[in-house]
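Right, one structure below, let's go through it.
The values are calculated or read from the model by the stated rules, or taken from the named source; none is laboratory data. Because the structure is predicted, anything quoted here is derived from the model rather than measured. Virtual Cβ from ideal backbone geometry, glycine too; neighbours counted across all protein chains shown. These accessible areas exclude ligands, DNA and RNA; they are computed on the full protein's heavy atoms, side chains included. Shrake-Rupley method; radii C 1.70, N 1.55, O 1.52, S 1.80 Å.
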Amino acid sequence: MSEPHPFSSQYKLDKDLGKGAFSVVKKAIQKPNKHEYAVKIINTRKLTSRDLQKHEREARICRMLQHENIVQLHHVFQEDHVRYMIFDLITGGELFDDIVAREFYSEKDASKCIQQILESVKYCHDRRIIHRDLKPENLLLASKTPGASVKLADFGLAVEAMDARHYYGFAGTPGYLSPEVLNKQPYSYTVDIWACGVVLYILLVGYPPFWDDNQQRMFNVIKKGKFEYPSPEWDTVTADAKDLINKMLVVDQAKRISAKDALDHTWIKNCDRVASMVH
Ligand code: ADP
Ligand code: MG
């Protein structure tokens, strides 16, 4: 007979790891062998059937993905009104906190970091998945050691793509939203590339390309794709790095670079030779 509370009987909950809009993430220790995992806990009691479907979708998508740069899902338990999603425990914290601690990344570190993000994004796109919420809070570092690998997390907003562009709804995080999402136009995979462009810009200088206290004003600037490379911090950044950002932050989604082509860009491919040692 199956256990009535398989999660609680098999795992012991430990410290908090993070918190999102609909979930808390805690460390969980598997009782017999003391293996450590991260568990995303979702209280489903008050959720509408639409929200429940979204959580189903998150689990369905996570089950499809196995990649060294993606946080691995192991198991999902549904108990009474709580859902537990068991993931590999990632111990290096959010990329967000690492950028804040370091202020900004050297070109070489930024290139290696965005390469791994692009590998995870290409893998998703090859499997017809659009992540839709790429940002440093959803990118985790495998450990605290410098050069630790990067893992894409949080498929809470991810969708299964249709053949043609489609309006999947207004979803994402304000500073990372693409012009086509803001314009409520049909969109596709390249919304993730726009967000990669924002992440790469932030990695190199520690502040975002589009920012305004007033959200509507920020959205208007994003829709125009207007951003700058202010002096002096951008003066030491190579033209190749800026070229890649310029190809990601393209307003016309049809002209925006793909994950595959971005991985072939010289600043990624020949990073040891091309990425500056100065910045
Ligand atoms: P939400 O959909 O609520 O934003 P996330 O999946 O992004 O939930 O998780 C929230 C936070 O929990 C993350 O930003 C991260 O700090 C932490 N977290 C998520 N998954 C893991 C994991 N596998 N290992 C360690 N920390 C994690
Ligand atoms: Mg999140």
| task | Could you look at the stretch 178-241 and say what percent of its accessible area is carbon and sulfur, using a 1.4 Å probe and all protein chains? | result | 51 percent
| Cross-link pairs K40/K260; K54/K144; K27/K247; K108/K151; K15/K223 - those with Cα-Cα distance over 29 Å | K40/K260; K54/K144; K27/K247; K15/K223
| query | Is the shape of the stretch 113-258 best called rounded, prolate or oblate, per the rule: a/c under 1.5 gives rounded, else a/b larger than b/c gives prolate, else oblate, with a ≥ b ≥ c the square roots of the Cα gyration tensor eigenvalues? | reply | oblate
| task | List, in order, the whole-Hz ³J(HN,Hα) value for each residue of the stretch 40-47 obtained from phi through the Karplus relation with A = 6.51, B = -1.76, C = 1.60 and θ = phi - 60°; use x for Gly and Pro. | result | 8, 9, 10, 7, 9, 4, 9, 7
| said: About the Cα centre, and with charges only on the beta carbon of Lys, Arg (+1) and Asp, Glu (-1), how big is the dipole of the stretch 1-129? Nearest 20 debye, please. | reply: 460 debye
| How large is the charge dipole for the chain, taken about the Cα centre, if only the Cβ atoms of Lys, Arg (+1) and Asp, Glu (-1) carry charge, to the nearest 20 debye? | 680 debye
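In Å, the Kirkwood hydrodynamic radius of the chain over pairs of distinct alpha carbons?
Value: 19.8 Å, from the Cα pair sum.
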| request: For the stretch 7-133, with all protein chains present and a 1.4 Å probe, just round the carbon and sulfur fraction of the accessible area to a whole percent. | output: 48 percent
| With the chain treated as a Gaussian network of Cα nodes joined by springs under 10 Å, which of S149, S49, S178 yields the largest mean-square fluctuation? | S49
| field | Dipole-positive endmost among S276, S143, A28 within the chain (Cβ charges, Cα centre) | value | A28
| query | Dividing the alpha-carbon radius of gyration of the stretch 1-135 by 2.2 N^0.38 Å (N being the number of residues), what value is obtained? | reply | 1.18
| Which of the chymotrypsin sites (Phe, Trp or Tyr not before Pro) across the stretch 98-206 are loop residues per DSSP, with 14 or fewer other Cβ within 10 Å? | Y167, F170
